[in-house]
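Structure, as structure tokens:
The values are calculated or read from the model by the stated rules, or taken from the named source; none is laboratory data. Owing to the predicted nature of the structure, the values given are computational and were not obtained by experimental measurement. Cβ atoms come from the backbone with ideal geometry, glycine included; neighbour counts cover every protein chain shown. These accessible areas exclude ligands, DNA and RNA; they are computed on the full protein's heavy atoms, side chains included. Shrake-Rupley method; radii C 1.70, N 1.55, O 1.52, S 1.80 Å.
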Amino acid sequence: MRVRFEEEEYFVMAVFEKDTRTGTMEEIRRVLPFISEDGEMLALVNSTLKKMEQLTDQEFSGMDLETYAQEPAEEA
């Protein structure tokens, strides 16, 4: 894979993951109106989308996002 994602970008993809790369990108784009005033979050989402556009569908389907989709264990 020629695209390098940051850990936070993996989390974004995992939260909105659908069966396809384009489906996941559509889900991510749906939050844009809700985060438009949060500059940091907007930058993260936009950088994730930009990098996803460079992926092939096959590269996306080969990514293991399950680790990032799991909620962190609660501290005892």
Task: Under 18 Å from the residue 61 label point (7 Å along Cα→beta-carbon), backbone N, the range 15-29 - done: 17-26
TODO: Calculate one ³J(HN,Hα) per residue across the range 23-36 by plugging θ = phi - 60° into the Karplus curve 6.51 cos²θ - 1.76 cosθ + 1.60, and present them in order as whole Hz with x for glycine and proline.
DONE: x, 5, 5, 4, 4, 4, 4, 5, 8, 3, x, 8, 10, 4
Task: Inverse mean reciprocal Cα-Cα distance (Kirkwood Rh) of the chain, Å - done: 13.0
Task: Percent accessible area from carbon and sulfur atoms, the chain, protein chains only, probe 1.4 Å - done: 46
Open item on the list: Tell me the per residue accessible area of the chain using a 1.4 Å probe; a whole number in Å² is fine.
Closed with: 74
TODO: Could you list which residues have their amide H under 5 Å from that of residue 18, counting only those 5 or more apart in sequence or on another chain, with H placed in the peptide plane?
DONE: 24
Task: Size of electric dipole in the chain: Cβ of Lys, Arg +1 and of Asp, Glu -1, about Cα centre, debye, nearest 20 - done: 520
Task: the range 1-41: trypsin sites (Lys or Arg not before Pro) in DSSP loop, at most 16 other beta carbons within 10 Å - done: 2, 4, 18, 30
TODO: Per DSSP H run of at least 4 residues, take -39500 (n - 2.57); add these up for the chain, divide by its residues and hand me the 222 nm value, nearest 500 deg cm²/dmol.
DONE: -16000 deg cm²/dmol
TODO: Select from the chain those GluC sites (Glu not before Pro) which occupy a DSSP coil region and have at most 10 other Cβ atoms within 10 Å, ordered by residue number.
DONE: 37, 74, 75
